[in-house]
1. Look through the stretch 196-222, keep the residues that are acidic (D, E) and farther than 30 Å from K269 by Cβ, and return whichever of them is least open to solvent (accessible area, probe 1.4 Å).
2. Of all residues in the stretch 167-192, count the ones that are modelled with pLDDT under 90 and either surrounded by 20 or more Cβ atoms within 10 Å (Cβ to Cβ) or within 27 Å of T65 (Cβ to Cβ) (or both).
3. Is it fair to say G158 is open to solvent by 50 Å² or more (accessible area, probe 1.4 Å), touching a residue at least 24 places away in the same chain (Cβ under 8 Å) and touching a strand residue (DSSP E or B) at 6+ places or on another chain (Cβ under 8 Å)?
4. State which residue is nearest to N62 (Cα to Cα) when the search covers only the stretch 137-155 and only residues that are open to solvent by 10 Å² or more (accessible area, probe 1.4 Å) and of a type in the set (D, E).
5. Within the stretch 62-105, can you find the residues that are part of a strand (DSSP E or B), among the polar types (S, T, N, Q) and farther than 15 Å from G303 by Cβ?
6. Which residues, counting only those in the stretch 211-244, are in contact with an Asp or Glu (Cβ under 6 Å, 6 or more places away or on another chain), farther than 20 Å from W79 by Cα and outside any strand (DSSP E or B)?
7. Is it fair to say I267 is open to solvent by 30 Å² or more (accessible area, probe 1.4 Å) and either more than 21 Å from L221 (Cβ to Cβ) or not aromatic (F, W, Y) (or both)?
Amino acid sequence: MNTSLKESGTTKAGVRFCQGKMALVALMTFIGLGLSSGGASAQKSKAAEVALEAFDHSNFDNSATVNNKWFPLQPGIQWIYKGFTQEDEKRVPARVVQTVTDLTKIVNGVRTVVVWDVDYKDGKVAESEIVFFAQDKDGNVWLLGELVEIYEDGAFKGGSAWIGGMDGSSPGIMMKADPRPGTPSYSQGYAPPPFNWTDRATVEKAGQKVCVPAGCYKDVLVIVEGSKGEGPDAQQLKYYAPDVGYIKVGWRGKGEKLRETLELAEIVKLTPDALAKARAEALEIEKRAYLYGRTPPAELMKGATNAKAQ
């Protein structure tokens with residue numbers, strides 16, 4: 001999930017929004033440990049790759065229900081990741097808290113589920129973002145956009161947004177319905193210069209066994225992500241456990257700068273009050289963003305209980 005949804009060193013793309021004189025800053029990424037051995041490995045695919053994934057509005061129905069085996073997004077589930085990041089040649093403690101809210105939002109004509117993601121560096125908030133995902137009828141999970149806020153020493157400094165279908169940006173696939181080694185790489189979205197969002201992913205290994213603080217997992221899938229802007233010598237590795245989501249993030253390449261390590265430490269089922277607080281925080285991020293007035297506002301998921309945040 002991280003987005004985070006976190007990408008390999010690329011800048012978030014779309015419309016900028018800021019406070020005072022603060023401009024858009026480069027966004028941090030999930031990166032971590034190296035590949036484990038064993039399992040199936042990718043072979044060079046003979047199939048043709050495409051620059052962008054074909055986005056068909058008619059291929060979405062119950063799109064805010066994301067139950068892909070490798071990327072399940074159940075409202076009220078929270079994942080907590082812990083690790084370190086490399087900054088100024090020093091290792092800094094890092095923590096990421098990712099929450100599936102009970103909000104949905106129409107993006108590019110498709111109803112998405114809203115995920116709230118917070119990054120902490122050395123105990124202080126560094127980023128807070130909401131990310132929009134939808135699952136098509138075939139079972140592919142799409143990334144349709146993000147609203148990101150940047151903090152420095154706990155103080156809000158500015159942010160950015162990219163929304164598929166707006167300002168030349170396009171949605172991309174975050175997880176295939178049937179991810180297999182040896183298949184072509186796929187686009188995770190696109191935004192034109194000056195933001196240069198060009199991330200792509202390739203399924204590298206399957207059938208791995210990976211242990212993290214939250215437990216040991218079998219049949220783990222390893223996906224390699226990279227971007228044109230970062231070059232071939234900076235890649236991000238994501239480890240996905242079935243029916244859980246990503247459990248670990250890794251990196252490789254001399255061009256990688258942050259060298260952050262993150263592993264799943266805990267999975268939490270939120271109480272109604274805690275979920276209401278997460279919902280309120282996600283809505284505040286949306287309201288502060290410039291794009292709020294250009295897209296339909298997020299709303300409570302059908303059937304969800306409208307508990308109030310305390």
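The values are calculated or read from the model by the stated rules, or taken from the named source; none is laboratory data. The shown structure was predicted, so the numbers you read here are calculated from the model rather than taken from an experiment. Note that we place each Cβ from the backbone using ideal geometry, even for glycine, and neighbour counts take in every protein chain shown. Side chains are part of the model used for accessible areas, which takes the heavy atoms of the whole protein and leaves out ligands, DNA and RNA. Shrake-Rupley method; radii C 1.70, N 1.55, O 1.52, S 1.80 Å.
1. In this case the residue turns out to be D199.
2. So the answer is 2.
3. So G158 fails the test.
4. Ranking the qualifying residues of the stretch 137-155, first place goes to D138.
5. Listed by number, the residues that qualify are Q78, T85, Q86, Q98, T99.
6. S227, A234
7. Spelling it out, I267 is indeed open to solvent by 30 Å² or more (accessible area, probe 1.4 Å) and either more than 21 Å from L221 (Cβ to Cβ) or not aromatic (F, W, Y) (or both).
Residue-wise test of (1) among the β-branched types (V, I, T); (2) at pLDDT below 95; (3) over 23 Å from G172 (Cα atoms).
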{"site": "M28", "(1), (2), (3)": "no, yes, no"}
{"site": "S41", "(1), (2), (3)": "no, yes, yes"}
{"site": "E49", "(1), (2), (3)": "no, yes, no"}
{"site": "A54", "(1), (2), (3)": "no, yes, no"}
{"site": "L73", "(1), (2), (3)": "no, no, no"}
